[in-house]
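To start, the structure itself, in structure tokens.
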Amino acid sequence: MANYYLERTAQAVFTIFTVATLSFGMVRLLPGGPMDFLRAQLIQQQGGNFDQAQLNALVEAYTNMQPNDPLLQQYIDYMIGLATGDLGRSVWYGEPVSEILASALPWTVFIMSIGLLLTFTLGVVLGAIMAYVEGSKFDVIATLVSIFLSSIPYYVAAIMFLMIFSLWNQWFPTGGRMNPNTTPGINLPFIIGVFYHAALPIASIVVTGLGMQALSMRGNSVRILGEDYLRVAHLRGLSSNRIALRYVGRNAILPMYTGLMISIGFMFGGSVILEEIFGYPGIGYYMLQAISARDYLMMMGAFLLITIAVVLGIYIADLTYGKIDPRAGEGANRESY
């Protein structure tokens, strides 16, 4: 088992290391890319009133790399900067990329984690009910609605919600992440404002993701309801509630766990378009703003952060699934020997 954990940890570290190396290639090696654009931006901002040495010093201050150093030395300096949390400075905002992303990270985690949690919980409950009343009118209608909702992209639902609830009826704000008239902190007006601004982004996630979760839970539950060990449990006189929760619910939800953990990793990637639509300043919002402004260092810092989140989500799912499902743990045990 120790070898299994070590192997998965090494794979995660190698993936992040590879992405960081590719990020260095984007910063330094692309012709006409970030380094050249940064020089042009600095010349334009400063009016061209400095020599090449001053220009190189400014480029080094922004990118953690001295342009005149050998390529290997630049790579080492860049990786050391990443390891210490120095992602360079944003050309557009003029602030360290790490500080901008650190301030945006909690807001992305807030809306995406609540959206995924509600989607998973409501989907599991609805899918279980659909399975227990299989073939009824409720099951048929709920299945049709779930199929319809799962076919709608989340960004389409986001645009519809924005138009209906914000632009046409003005029930919700069109952008922002909190009420500017409140003081940030643990106080009721601020908390209400935060949830008020996050309501539509969260609703877009839940409405479009609920159907797929419900259908998955329904399929898993229907399959398990036909297993022989459930008939044995009924013959033993076990209560219906115990059978539903301990035998059906637990075994039906296990295959969905990995998907949930992977979704937690991918929530950063999914936030890019969603946050732009609602003008919600999170990781995805800043990434799209960086692409529009050709702020390469901000763009690559956000991309690296999203990659790390995806890798960690998969890594946690891989290591914890065996704890939840002993059969998977035994399989991993056998593979490691």
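Laid out as a table, the results:
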read-out: Of all residues in the range 79-108 being without any contact (Cβ under 8 Å) to a residue 40 or more places away in the chain and not in a loop (DSSP other than H, G, I, E, B), the one that is farthest from the chain's Cα centre (by Cα); value: Ile80
read-out: Criterion violated by Glu134 - all others in (1) surrounded by 13 or more Cβ atoms within 10 Å (Cβ to Cβ); (2) under 26 Å from Ile273 (Cβ atoms); (3) in contact with a helix residue (DSSP H, G or I) (Cβ under 9 Å, 6 or more places away or on another chain) satisfied; value: (2)
read-out: Test: Ala328 is within 19 Å of Ile253 (Cα to Cα), at pLDDT below 75 and out of contact with any His (no Cβ under 8 Å at 6 or more places or on another chain); value: yes
read-out: From the options Ile186, Ile147, Ile141, Ile152, residue that is farther than 29 Å from Leu288 by Cβ, part of a loop (DSSP other than H, G, I, E, B) and hydrophobic (A, V, I, L, M, F, W, C); value: Ile186
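Here's the yes/no breakdown for (1) under 25 Å from Ser271 (Cβ atoms); (2) open to solvent by less than 20 Å² (accessible area, probe 1.4 Å); (3) outside any helix (DSSP H, G or I):
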{"position": "Leu117", "(1), (2), (3)": "yes, no, no"}
{"position": "Asn181", "(1), (2), (3)": "no, no, yes"}
{"position": "Ile192", "(1), (2), (3)": "yes, no, no"}
{"position": "Leu200", "(1), (2), (3)": "yes, yes, no"}
{"position": "Ala203", "(1), (2), (3)": "yes, no, no"}
{"position": "Leu215", "(1), (2), (3)": "yes, no, no"}
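The values are calculated or read from the model by the stated rules, or taken from the named source; none is laboratory data. The structure displayed is predicted, hence computed values, not measured ones. With ideal geometry, Cβ positions are generated from the backbone for all residues, glycine too; neighbour counts draw on all protein chains shown. Areas reflect the complete protein model, heavy atoms only, side chains present, ligands, DNA and RNA absent. Shrake-Rupley method; radii C 1.70, N 1.55, O 1.52, S 1.80 Å.
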